[in-house]
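Engineer: Submitted below is the structure of interest, expressed as structure tokens.
The values are calculated or read from the model by the stated rules, or taken from the named source; none is laboratory data. Quick caveat, the model's predicted, so the values are computed rather than measured. Quick reminder, even Gly has a Cβ in these numbers, built from the backbone with ideal geometry, and neighbours come from all protein chains shown.
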Amino acid sequence: MAFFSSDIKTIDDLFLTTLRDIHYAEKQISEALPHMIEKAKSRPLKRVLQAHLKEARIQIKRIEQVFRMYGAKPRHIDCPAIDGILEEAVDIGGAVPDKRVIDAALIAALQVVEHFEIARYATLIAWAKELGRNDCAIVLQQNLAEENAVDRKLGVIAASEAR
Ligand code: FE
Ligand code: FE
């Protein structure tokens, strides 16, 4: 996302542009998650990722709902940042013999994905409130809560697998 492309002049423009950015990111994430589920070795990790894939699909619907509430058409813009983060996550080698190493690498990569999403949603919520759109903030808050929950679960799995 280019924050300072010529068509961004107001907080309102920033809000919509960032909404398009996270819309794209969520779509890419839901396409990348099945590959990561396939690579994950432990059952708890697979389970968390499968549940989060379902959530990601619902999150896309919520973002589209916010577009409509805001009177804008659901659209997305490319986000090279999330593309790079996901590329690293999907690249994690299946040839590594130690299962724990694969899971540890997957969790590390996924936490970057979650932290990206957390940053985007936190910003969007702050801007929605600034724009007097608490209704939009409430919907986005649901997505943020899910990202935070997954981030915590990944941390717990990482700690238990490291033992
Ligand atoms: Fe998400
Ligand atoms: Fe997520």
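Engineer: Identify the single condition in (1) closer than 18 Å to residue 34 by Cα; (2) touching a His at 6+ places or on another chain (Cβ under 8 Å) that residue 63 does not satisfy, given that it satisfies every other one.
Structural biologist: If we test residue 63 against (1) closer than 18 Å to residue 34 by Cα; (2) touching a His at 6+ places or on another chain (Cβ under 8 Å), just (1) comes out false.
Engineer: Also, quick follow-up: Among the residues of region 50-103, what is the count of those that are more than 16 Å from ligand 2 (Cβ to nearest atom) and among the aliphatic types (A, V, I, L, M)?
Structural biologist: 9
Engineer: Please give the number of the condition residue 44 fails out of (1) free of Cβ contacts under 8 Å to residues at least 24 places away in the same chain; (2) touching a helix residue (DSSP H, G or I) at 6+ places or on another chain (Cβ under 6 Å).
Structural biologist: For residue 44, the exception is condition (1).
Engineer: Would you confirm, using the coordinates I've provided, whether residue 78 is under 14 Å from residue 124 (Cα atoms) and either in a loop (DSSP other than H, G, I, E, B) or free of Cβ contacts under 8 Å to residues at least 12 places away in the same chain (or both)?
Structural biologist: Numbers: under 14 Å from residue 124 (Cα atoms): no; either in a loop (DSSP other than H, G, I, E, B) or free of Cβ contacts under 8 Å to residues at least 12 places away in the same chain (or both): yes.
For residue 78, the condition - under 14 Å from residue 124 (Cα atoms) and either in a loop (DSSP other than H, G, I, E, B) or free of Cβ contacts under 8 Å to residues at least 12 places away in the same chain (or both) - is not met.
Table: residues versus (1) more than 15 Å from ligand 1 (Cβ to nearest atom); (2) more than 20 Å from residue 116 (Cα to Cα).
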| site | (1), (2) |
| --- | --- |
| 7 | yes, yes |
| 16 | yes, no |
| 23 | no, no |
| 47 | yes, yes |
| 53 | no, no |
| 65 | no, yes |
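Engineer: Can I ask one more? Within region 118-163, count every residue that is within 17 Å of residue 63 (Cα to Cα), within 16 Å of ligand 1 (Cβ to nearest atom) and charged (D, E, K, R).
Structural biologist: The total comes to 3.
Engineer: Just checking, which of 153, 54 is buried (at least 17 other Cβ atoms within 10 Å of the Cβ) and either farther than 15 Å from residue 23 by Cβ or modelled with pLDDT of 95 or more (or both)?
Structural biologist: Result: 153 is the single residue among 153, 54 that is buried (at least 17 other Cβ atoms within 10 Å of the Cβ) and either farther than 15 Å from residue 23 by Cβ or modelled with pLDDT of 95 or more (or both).
Engineer: So is residue 102 more than 16 Å from ligand 1 (Cβ to nearest atom), assigned to a loop (DSSP other than H, G, I, E, B) and either within 18 Å of residue 44 (Cβ to Cβ) or touching an Asp or Glu at 6+ places or on another chain (Cβ under 6 Å) (or both) or not? Before you say what the answer is, go through the steps one by one.
Structural biologist: Numbers: more than 16 Å from ligand 1 (Cβ to nearest atom): yes; assigned to a loop (DSSP other than H, G, I, E, B): no; either within 18 Å of residue 44 (Cβ to Cβ) or touching an Asp or Glu at 6+ places or on another chain (Cβ under 6 Å) (or both): yes.
No, not satisfied.
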